[in-house]
Amino acid sequence: IGSNIVDTTAGSISSTGAGLDVSSSARGEIRIATADVLAEESFGISSFGDGDVTGHFIDTTAGAIRAGENGIQAFHLGSGALSAITADVTALTGRGVDIRSTGTGGEVVIDKRLGSVYAQDEGVVSLSQGSGTLSIMTADVTSSADDGVAAGHTTGGDFSIDTTAGVI
């Protein structure tokens, strides 16, 4: 029992492949905090938490994410909240921010008010199958080939999208 903590805010990540890949099946939380992440040919940040994970938190406000594929992708199968607070995200051939929770309860929050998103596919994608609130807050979101924001909430709970901080 415990948390899985990854903190790279003191430096940057640069890779010709994937930037940061975190996966946990341990009981406890996943906490990721990063500065700049450059992943030339793959995803910037990928995070997976299975059914024992009790919370999932991603904070990239200390830097920008630039990825060859998806910028940030997080999949949460556990209980508790799933949250992504980000600055600028660029996804050259994929989705900017893709956050999905199929776990029980807990809220899903995407806060993009601190930076813009550029993506070839969807700019921001979120799916919640839990009973908690789904909230998306964005600044500028640009998609060159698909939806700016795509969201779904399948099992109840409040649902809100706030785009007043930017243009989609």
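The values are calculated or read from the model by the stated rules, or taken from the named source; none is laboratory data. What you see is a predicted model, and the numbers here were worked out from it, not measured in a lab. Glycine gets a Cβ as well: all are built from the backbone with ideal geometry, and neighbour counts include every protein chain shown. When the accessible area is computed, the model is the full protein with side chains, heavy atoms only, and any ligands, DNA or RNA have been set aside. Shrake-Rupley method; radii C 1.70, N 1.55, O 1.52, S 1.80 Å.
Taken over the range 144-163, residues that are open to solvent by 40 Å² or more (accessible area, probe 1.4 Å), of a type outside the set (D, E, K, R), in a loop (DSSP other than H, G, I, E, B) and on the phi < 0 side of the Ramachandran plot amount to 5. Criterion applied to Val125, Val141 was being open to solvent by less than 70 Å² (accessible area, probe 1.4 Å), under 12 Å from the mean Cα position of the chain (by Cα), under 21 Å from Phe43 (Cα atoms) and not acidic (Asp, Glu), and the one residue passing it is Val125. Taking the range 101-143, which residues are among the aliphatic types (A, V, I, L, M) and part of a loop (DSSP other than H, G, I, E, B)? Within the range 101-143, Leu114, Ala139 meet the criteria. When restricted to residues that are assigned to a loop (DSSP other than H, G, I, E, B) and surrounded by fewer than 20 Cβ atoms within 10 Å (Cβ to Cβ), the range 35-68 contains 9.
Please determine whether any residue of the range 77-95 is surrounded by fewer than 23 Cβ atoms within 10 Å (Cβ to Cβ), in contact with a Lys or Arg (Cβ under 7 Å, 6 or more places away or on another chain) and acidic (Asp, Glu). The answer is no; no qualifying residue exists.
Only one of the listed residues (Leu38, Leu82, Leu20) is touching a His at 6+ places or on another chain (Cβ under 8 Å) and not small (Gly, Ala, Ser). That residue is Leu82.
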